[in-house]
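For reference, the structure is listed below as structure tokens.
Each reported figure results from applying straightforward, stated rules to the coordinates on display, with no laboratory input. It should be emphasised that the depicted structure is a prediction, and the values quoted were computed from it without experimental measurement. No Cβ is skipped: glycine too gets one built from the backbone with ideal geometry, and neighbour counts run over all protein chains shown.
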Amino acid sequence: MKKPSFLERITGSIKLETQDDGFSDQQLEEDIHESPAEWHDTEDPEDGELPVDMYQTRDSIVIRALVAGVSPDDLNISITRDMVTLKGIREEVQEAPDEDYYHRELFWGSFSRSIVLPEEIVIDEAEAREKHGMLEIILPKLDKGRSARLSVKSHHPSK
């Protein structure tokens, strides 16, 4: 039997407790932590984990996630200088009774994702936009090489 994919493990489409494929829970957990960045933390174990892409441009870090079916009002994005947390809820509109479904693979309910950023960002200049179900968050990188001349003001009373 083949090793479950990373997507199968994070979406819960397989059971991790009793696998007869020779892979232990500890091995699966270690494999999950081998992702390129530390993206695996969710805020609540009941939440689904939102898959994301993260890349950099010369001036920014960009995070993209599919949020089709989620109202922008139902998205909560919190940002610190080194982390972004996305939370939301995708409400299910059930078109047929459970017994009439052949497949049920879409995720419904609440989701969250905490993403550790590879470098510090300028929080006040961050932008988020959604188009056709794709959320894009643009996080300008902190320019640590930037400097400014500071003038000293005197508070001596004038005579």
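In plain terms, the chain from Asp82 to Phe107 could stretch by 6.2 nm, reckoned as 0.36 nm per residue minus the Cα-Cα distance. Simple point charges give the picture: +1 on the Cβ of Lys and Arg, -1 on the Cβ of Asp and Glu, and for segment 38-140 a dipole about the Cα centre of about 440 debye. Assuming a viscosity of 0.692 mPa s and a temperature of 37 °C, what translational diffusion coefficient in µm² per second does Stokes-Einstein assign to segment 38-140, Rh being the Kirkwood radius over Cα pairs? D, rounded to a whole number, is 223 µm²/s.
Near the amide H of Met134, within less than 5 Å, lie the amide hydrogens of Val67, all on another chain or at least 5 residues away, with H placed in the peptide plane.
Show me the ranking of peptides 104-115, 79-90 by mean Cβ neighbours inside 10 Å, starting with the highest.
Working: 104-115: 15.7, 79-90: 17.3.
Sorting 104-115, 79-90 by mean packing, highest first, produces 79-90, 104-115.
In this structure, Asp143 and Val93 have a Cβ-Cβ separation that, at R0 = 41 Å, corresponds to a calculated FRET efficiency of about 0.35. Please report how far the C-alpha centroid of segment 44-84 lies from that of segment 85-159, rounded to the nearest whole angstrom. About 5 Å separates the Cα centre of segment 44-84 from the one of segment 85-159. Computed 3J(HN,Hα) for segment 75-91, one whole-Hz value per residue from the Karplus formula 6.51 cos²θ - 1.76 cosθ + 1.60 where θ = phi - 60°, is 9, 10, 10, 10, 10, 10, 5, 10, 8, 10, 10, 10, 9, x, 9, 10, 7, glycine and proline marked x.
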